Amino acid sequence: MSHTITSPVYVVQDNIDTDQIIPAQYLTLVPTIAEEYEKLGSYAMIGLPDVQYPTKFVPEGGIKTPYKIIIAGRNFGCGSSREHAPIALGAAGVEAVVAESFARIFFRNCVATGELYPYDANERLCEKVKTGDIATLDFDADTLTVNGTTYTLKPLGEVRPVIDAGGIFNYARQSGMIAAQG
């Protein structure tokens, strides 16, 4: 069975840091508590400057975003090592980020938490698509199709089954690396 996501995209440029993804004042929210996880998602991307990003990522008063796919430039997720950043995006309803490049710690946190699929683009997609365009991300073909054009993405490789499992601990339990919770 093919795994695809079709969704409007939210487009950001270079150097979107973890303070823009989830500002520090929201780090007191505990993602393992269901209502706090949900609230964390409602604040995702709230640190973006309104002048550059007039379209709200999460609609005013909402808790989920209509954008399951983020398209980004270079160095997405730079800044601090907070794992709240991919968690906030996942809690908001994001399933994948397609970026020109990622900060290494953000990429690792996506995999470790199992919240997001961090796809590397082979070209600068943030200059080719705009917020609201409808895209289809095909996980089996490693492609993103938007506005009638299909772009090849770098395969997720060995991280995909870890994210599919819901993160590193779930993957380790499912594969027998650590004992399953009883």
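The values are calculated or read from the model by the stated rules, or taken from the named source; none is laboratory data. The structure displayed is predicted, hence computed values, not measured ones. Note that each Cβ is placed from the backbone with ideal geometry, even for glycine, and that neighbours are counted across all protein chains shown. Quick note on the areas: whole protein, heavy atoms, side chains included, nothing else; ligands and nucleic acids left out. Shrake-Rupley method; radii C 1.70, N 1.55, O 1.52, S 1.80 Å.
Structure values in brief
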item	result
For the stretch 16-23, Karplus couplings with θ = phi - 60° (6.51, -1.76, 1.60), whole Hz, Gly/Pro x	6, 9, 5, 5, 6, 5, 8, x
Rounded to the nearest 10 Å², the accessible area of residue 169 at probe 1.4 Å	130
The stretch 33-133 - Rg over Rh from alpha carbon coordinates, Kirkwood radius	0.94
Lysine pairs in the chain with Cα atoms under 25 Å, if 8 or more residues apart or on separate chains	13
Antiparallel DSSP beta bridges within the chain, percent to nearest 5	50
Whole-Å semi-axes of the chain's equivalent ellipsoid (Cα gyration tensor)	24, 21, 14
Which of 84, 72, 141, positive extreme of dipole for the stretch 65-182 (C-beta unit charges)	84
Candidate residues 37, 119: accessible-area rank, largest first, probe 1.4 Å	37, 119
Accessible area (Å², 1.4 Å probe, nearest 10) - residue 36	50
Inter-probe distance in nm under a simple model that places probes 7 Å from Cα toward Cβ, at residue 134 and residue 101	3.5
Extension gain from residue 124 to residue 165, taking 0.36 nm per residue of separation minus the Cα-Cα distance	11.8 nm
Semi-axes of the equivalent ellipsoid for the stretch 9-74, Cα gyration tensor, largest first, Å	20, 13, 11
The stretch 77-150, accessible surface, carbon-and-sulfur percent (1.4 angstrom probe)	46
³J(HN,Hα), Karplus 6.51/-1.76/1.60, whole Hz, each residue of the stretch 145-162, x for Gly, Pro	10, 8, 6, x, 10, 9, 10, 7, 10, 6, x, 6, x, 6, 7, 4, x, 5
The chain: most fluctuating residue of 22, 33, 87 per GNM, C-alpha cutoff 10 Å	33
Label-point gap, in nm, between residue 35 and residue 141 - each point 7 angstrom along Cα→Cβ	4.5
1.4 Å probe accessible area per residue over the stretch 1-90, in Å²	49
